[in-house]
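Data block below; observations after.
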Amino acid sequence: MTVLPVVVPLYLVAWIVLPVYYNSYQFQDAIDTEAKLGSYSTRPEVEIQDTLLRKARELDLPVKSEQLHVVRDGNEVSIWAEYTVHVDLPLYPLDL
């Protein structure tokens, strides 16, 4: 019975935080895919950015167009995003 007060809060934290990390991982995967595909196509930067912004909304990530950067240099496409997800943990709010 003494383990219960430790396990329940850990489970609660994992229940709240892990989906944020999972969605972030999926978004990074989408960025990597778009960067690879963009290298072989002539899609404009704005179109790639719009696709990724839709994906971010789908994953409930607070990414705005000014935080998502798509740069084409010849055949190479570089994409990066700078965003923070606020998580309201009981007694300890957290920015990831």
Would you mind listing how long the chain runs along its three principal axes, going by Cα atoms, in whole Å with the largest first? 62, 21, 19
Roll a 1.4 Å probe over the protein chains and send me the accessible area per residue for the chain in Å². 73
Note, region 15-23: 3J(HN,Hα) by Karplus (6.51, -1.76, 1.60, θ = phi - 60°), whole Hz, Gly/Pro = x, goes 4, 8, 7, 4, x, 5, 5, 5, 5
Give the calculated FRET efficiency between GLU47 and LEU89 to the nearest 0.05, with a Förster radius of 30 Å applied to their Cβ-Cβ distance. 0.20
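Under a Cβ-Cβ cut-off of 12 Å, what is the net charge of the residues other than ARG72 that fall near it, where Lys and Arg count +1 and Asp and Glu count -1? Intermediate values should be presented prior to the final figure.
On the way: positive: ARG43; negative: GLU34, GLU45, GLU47, ASP73, GLU76.
Taking every other residue near ARG72 into account, the sum is -4.
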Determine ³J(HN,Hα), in whole Hz, for all residues of region 57-69 in sequence, where each value follows from phi through the Karplus function 6.51 cos²θ - 1.76 cosθ + 1.60 and θ = phi - 60°; x replaces Gly and Pro. 5, 4, 8, 6, 9, x, 9, 9, 4, 6, 9, 10, 10
According to a simple spin-label model (label point 7 Å from Cα along Cα-to-Cβ), what is the distance in nm between TYR22 and LEU10? 2.0
Could you derive backbone 3J(HN,Hα) for region 77-94 from the dihedral phi with the Karplus parameters 6.51, -1.76 and 1.60 (θ = phi - 60°), listing whole Hz in sequence and x where the residue is Gly or Pro? 10, 10, 9, 8, 9, 10, 8, 10, 10, 8, 10, 8, 7, x, 6, 8, x, 9
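Over the chain, what percent of the accessible surface lies on carbon and sulfur atoms, probe 1.4 Å?
Details: 4220 of 7020 Å².
Accessible surface attributable to carbon and sulfur in the chain totals 60 percent.
The values are calculated or read from the model by the stated rules, or taken from the named source; none is laboratory data. What you are looking at is a predicted structure, and each value in this text was computed from that prediction instead of being measured. For neighbour counting, all protein chains shown are included, and Cβ atoms are generated from backbone atoms with ideal geometry for every residue, glycine included. The protein model used for the area step is the full one, side chains on, heavy atoms only, and it has no ligands, DNA or RNA in it. Shrake-Rupley method; radii C 1.70, N 1.55, O 1.52, S 1.80 Å.
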